[in-house]
Structures are given as structure tokens and as C-alpha cells.
């Protein structure tokens, strides 16, 4: 597993080398850092200056105050006051202080900062200690545009209290509610991880509180997908199915929907009303294609491979596993039912799914129903036909390596020409748009929902600027609507024999190992008492907010009647600002404009850098293949130089987009 992660991370477009700074002993200092700079990057400008935030109404924006020392940092504390300006004030209740903590897990990628509600001591790592105070402002929807100022007090043992000025510039445009975001995000929540991490019984009241918290932390990302397993022990790591079977006689069952109902209701209350609810009815171990599933799996670890093979052989030609419930003792067990190809199966599943539909109708969610979960291996035609009948033609969801864009459209019957694929997250064959002078692309317009899946845990290792721009690379590429198959709370929760964190929750069920498609990233983390956010989640949220402003402006420019209302001058300003942002974004991937000026769309890779290099190689501009060492070295150097340029003026570029969105909104809504 460790080798797989290192390989994936090395191949990913935006991964760049991180350098630790060296300083003489006893030189503790305090400085400010923006939200596109890693505080341990050698290029960080270590000056104590006002913490500048730029944003739009109804959005959330962050900056960092860093205490750095060559010894452990203890006694950390911080507090904020209200922000005020000529147009009004933003109360202290809208300002959140959190404390970054280094948290890396051996073999599972790296999480540099998890964001704690209470400070903890920060020991030195490689000779330097960094205590990072996150200052996050939630700008009210009704805030007036203008400049606001305030201060944050920061101190630590041996460090005099510092009064850090905060400067917030609010544009006159309000972000839509996350419920209405058009940038697509798919975070997968893991109830079993939370139960194991905090040692609470499944579905106990303490467990539900943890699930509520996880959904709440994800709510502002715009993610509106919920996964409900109707079978046990899947690749997502669930021990139980969320509908339990109560035996009433020979092949006769009632069904208990209470867990399913509460999970969906908890999501609605804390995440928001789902756009897609994936009912998982299929997984890899259920495949009847023996040559595809036996012997395939995690070949990097012989012990894991042995477990995969043995478990799959034991389940070959067997049907789905579901949770049973004894209503008298309230004890649960596991049943293995007949395969879907068996004619007797319809009598078992049709009543259950009729109940699912009815429960979803009561919540106004019947149109959100989809089936899952496929990867590169799919249910056979008989199984698909079975579920067409049982589910009343619900579309399917796929998380795989590659697929055709046109297959992921409702009505196109992309699965064997029998059933629709309503949403897909793909690893490879993705399309990105390098040069807008060759034409602009608008993935957010696509009728089908196709997202990028950055496999192998590589998202864990991205730098702030890199992860921030992922959604923008997606929506400007022409095919993608955003990011998919993102691990929410899939941190390593299982321990090895040494008591070290070693594996995610789904490792308990090797029969459904998806090899390099397994979820290895996690955007939430375990705090001492409750789930917490991570720096990566905050970076991704801010990038998504910029995408929403982009989409608002692009929508106006693409609609002829709206564009007329904007007027030629404002329309040009909007397009110029969008183009400036697009060009700066590509600097993170490639610095030299001359060598890529003739490229428009590039495709075929797993991320922008691979697609771009493929075009360079195809046209003869580069002789080395993407996997050659020379290619890797050049990509790293180009990304390092380009990122330094991207960081310069990034707030001005985003402010310009937010400001122009405000101007455009006013014009479009004037009489």
C-alpha cells in the first residue's frame, strides 16, 4: 500500500517538493501566511504583516498566523475581536479560531494540518516547530461591501503576545447557498470509521452525534451525495446494511428502515438536501466473472493478496449479504441471499425497494435515487435487468478508471444500453483546457455528471495552491463538473500489530478490495473528542467558492440576452478577469508559455500535467515519455517555478472576479 501511494503521489500533476527552513536556535518568531502558501514551504514570506482576507458575502475565507521555533511550542492561545468598517461590522461570532496540528500517518500519505478547536503543544519536526493559528471569517449574506479591520491576539510560552491586524475586503456579491452550487463535489462519509475511532457502538446516540458533526463540516463544500448501503461489507467499509431483514417465515421477511431513515434525515439536517442518494446493492465480490476477480487485488502486499483471493473464492457465485434483525433481542446478524439472477430473488428485493421508494417519497427525494456501486467491473446484464425492474429504472453510479462522457447522461443507457449511468467519477481519460485562445470550455454545463477521481491518496499530499485549483481545472476542461469519490472521514482507523494506524475501515473486507481505486484520502480528521476539519478541506472549499463566481459570470456571458444587459464594456472586463484567472491557474502545472501556446484541449491523462505532457510528447515537443525520469524532473521544475508566479497577485485576481460578479448581478437585476 505504501508503495502505491508514493507512486500515485509522484505522478500527480501538482505535487511539488517541500523544503524545510533552517534557523538558529532560540529564534521563535510570529508571522502571517495566506491561504495559498504552505507555512513550511521555503518560499513562504515570513513577515508579521496584516492578515489580508478577500472574499464575497455568504462565503468563508481564511488566513494563518504562524508561530515558528526550533524548540517545542507550548502555551498557545489566540482570540479575535469583531471586524468593523465604514459600512458596518462583522461580529466575533462569525470569526472562528482553530489550531493547526501536524498529523501524518505512515504509509497513508500526509495530512500536515488538522484543525483543532483547542490548541495543543507543537513539537519540532525535522528541527522546526510550527504552531499555526487559523483565522476563518464567515461573511454574512447581508454584510455590506467594503473594507473591515480588526485584530487577532496570539501568544505562546516564551513569545510575547502579538496583536495581528486583520484586513477583510468584502465584494458586493453573495455566493449562492452551498445547496445551489453548480461546482460538483462528492464527499463519501464513513459511519463505521467514526464508530471505531471513538469506540462507540454502531447507531448509538454518541455515534449519531459524530455523524451529524461530519455532515455539518462537509455542508459548506456543496457536496450533496449520500451513500446508503443495502448490502454488507462493501468497499466503502460498512459492516451492516442500513435496512435490516426480519425473518417472518420461509423466504419471507419484513424490513426495518429505521437506520436508513435516520441516516438520510441526519444528512438532510446537517449536510443539506441530497441531490443523489446512492443505494449500494452491488460490489466487486458479487461478480460472476471469476477470471476478473480471482487473483486481482492488492498485489503489493502478499498477505493482503492472499486474503483477497481466499475471501473471493469463498463468496464466488453467492448472493448479496444483508443485515438481519431480531426484533425481540435487537441483535443483528448477517444473511446471504440468493443471487439476483435467481428468479426467487425478485420476491425478496421488490418489497424492500418498494419500501425504499416510499420512504424517499415522504422526504421529497424519490428523484435522487441511484444504484451502486460499480467500478471497472460491472454487474452482468441479468443483474442490471433485475434492478431495472426492482428499482423502477433507477440510474447507476460508477467509480472507475475510465469511461465515455456520453455514457454518463440520463437517457443514453450507458450501461449495456439497458440502464442509465447517472453519475461517474473517473481516474483517467480526462479532458482539460490549456489555452483559452484556442476556445473556452464549460464543464459545468454538461447534462451528465462526470467528476475527476484523484486516486491513490494523492490529494492528501497536494500543496494549498494545488488543491485550491482542482475544481477550476475540472469545470474549465469541457467534460468534468468537479471532484468525485473524495474520502471524508476515511483516515486510517485500523491498527497493525504494533498498535500503529495502518489501514482504513474497508480493509476489514478484502473481498471488496478495489486495488488502486480504494479511497486513500481524507478531508476530515479525528480530534480528541469530535471530528474536525483539515487545512485541505478549507483550501478546497475556497477554490469551490471562486468556481461559483466563475460560473455566475460565464453563465451571463454565454446567455445572449444577459450579455446584452451587461453591456460590451462590463462583458469584456468579466471575460478578461476569467481569462486571467485561467492562465494563472495553469502556471501551477507549467511555467513556460511558449511551449504550450498552441495547445487547446488536452486529454487522455489522469490529471492536467499528464494530459499536457501527452500532448507535448505527441507533437514531438518532448522526447521523454510521461513515466520517464527526465519528464518527472522537468514537470517538477516547471510546477515549482510556475507556482511561485501563481501566488503573486492571487488575491487580486479573485477579488476582481468577486467584484465583477457583484457588478454583473446589479446590472442583470436592474429594471
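The values are calculated or read from the model by the stated rules, or taken from the named source; none is laboratory data. Just so we're clear, the structure is a prediction, and the values are computed from it rather than from any experiment. Positions of Cβ are backbone-derived with ideal geometry, glycine not excepted, and every protein chain shown enters the neighbour counts.
Being crowded, with 24+ Cβ neighbours inside 10 Å and either out of contact with any helix residue (DSSP H, G or I) (no Cβ under 7 Å at 6 or more places or on another chain) or not assigned by TED's automatic domain parsing to the domain that holds residue 457 (or both) is the filter here, so list the residues in region 428-440 that pass it. Write out each step before concluding.
Of all residues in region 428-440, those crowded, with 24+ Cβ neighbours inside 10 Å come to 430, 432-434.
433 - this is the single residue of region 428-440 that is crowded, with 24+ Cβ neighbours inside 10 Å and either out of contact with any helix residue (DSSP H, G or I) (no Cβ under 7 Å at 6 or more places or on another chain) or not assigned by TED's automatic domain parsing to the domain that holds residue 457 (or both).
For a quick check of your reading: which strands (runs of 3 or more DSSP E) sit entirely within region 310-376 and have at least 1 residues that are without any contact (Cβ under 8 Å) to a residue 12 or more places away in the chain?
On the way: elements: 321-325, 332-336, 369-374.
Correct list: 332-336.
So, of the residues in region 525-544 that are in contact with a helix residue (DSSP H, G or I) (Cβ under 6 Å, 6 or more places away or on another chain) and closer than 15 Å to residue 213 by Cβ, which turns out to be surrounded by the most Cβ atoms within 10 Å (Cβ to Cβ)?
Once the filter is applied, the top-ranked residue is 531.
Residue under question is residue 271, and the condition is that it be touching a strand residue (DSSP E or B) at 6+ places or on another chain (Cβ under 6 Å) and crowded, with 18+ Cβ neighbours inside 10 Å; does it hold? Step through it out loud before you land on a result.
Details: touching a strand residue (DSSP E or B) at 6+ places or on another chain (Cβ under 6 Å): no; crowded, with 18+ Cβ neighbours inside 10 Å: yes.
Judged against the criteria, residue 271 is not a match.
Just to be sure I understand, how many residues within region 123-150 are under 25 Å from the mean Cα position of the chain (by Cα), buried (at least 22 other Cβ atoms within 10 Å of the Cβ) and not in a strand (DSSP E or B)?
1
From the residues in region 502-516 that are closer than 18 Å to residue 195 by Cα and under 22 Å from the mean Cα position of the chain (by Cα), which one is modelled with the lowest pLDDT?
Going through the qualifying residues, I end up with 502.
Can you find a residue in region 98-105 that is within 22 Å of residue 175 (Cα to Cα), surrounded by 14 or more Cβ atoms within 10 Å (Cβ to Cβ) and touching a helix residue (DSSP H, G or I) at 6+ places or on another chain (Cβ under 8 Å)?
no
Any chance you could count how many residues in region 402-423 are under 18 Å from residue 282 (Cα atoms), part of a loop (DSSP other than H, G, I, E, B) and touching a helix residue (DSSP H, G or I) at 6+ places or on another chain (Cβ under 7 Å)?
Looking only at that region, the number is 3.
Residues that are more than 24 Å from residue 403 (Cβ to Cβ), in contact with a helix residue (DSSP H, G or I) (Cβ under 7 Å, 6 or more places away or on another chain) and not in a helix (DSSP H, G or I): does region 555-566 have at least one?
No, that holds for no residue.
Among the listed residues 246, 308, 231, 304, which satisfies the condition of being surrounded by fewer than 16 Cβ atoms within 10 Å (Cβ to Cβ) and either more than 30 Å from residue 177 (Cα to Cα) or touching a helix residue (DSSP H, G or I) at 6+ places or on another chain (Cβ under 9 Å) (or both)? Spell out the reasoning first.
Working: 308 fails: surrounded by fewer than 16 Cβ atoms within 10 Å (Cβ to Cβ); 231 fails: surrounded by fewer than 16 Cβ atoms within 10 Å (Cβ to Cβ); 304 fails: surrounded by fewer than 16 Cβ atoms within 10 Å (Cβ to Cβ).
Testing whether each residue is surrounded by fewer than 16 Cβ atoms within 10 Å (Cβ to Cβ) and either more than 30 Å from residue 177 (Cα to Cα) or touching a helix residue (DSSP H, G or I) at 6+ places or on another chain (Cβ under 9 Å) (or both) leaves just 246.
Report the residue count in region 243-275 for those that are within 24 Å of the chain's Cα centre (by Cα) and not in a helix (DSSP H, G or I).
Qualifying residue count, region 243-275: 5.
Quick one: which of 283, 261 is under 15 Å from residue 363 (Cα atoms), in the same structural domain as residue 337 (by TED's automatic domain parsing) and in contact with a helix residue (DSSP H, G or I) (Cβ under 7 Å, 6 or more places away or on another chain)?
None of the others qualify; the one that does is 261.
Touching a strand residue (DSSP E or B) at 6+ places or on another chain (Cβ under 6 Å), at pLDDT 95 or above, outside any strand (DSSP E or B) and in the same structural domain as residue 325 (by TED's automatic domain parsing), is that true of residue 219?
For residue 219, the condition - touching a strand residue (DSSP E or B) at 6+ places or on another chain (Cβ under 6 Å), at pLDDT 95 or above, outside any strand (DSSP E or B) and in the same structural domain as residue 325 (by TED's automatic domain parsing) - is not met.
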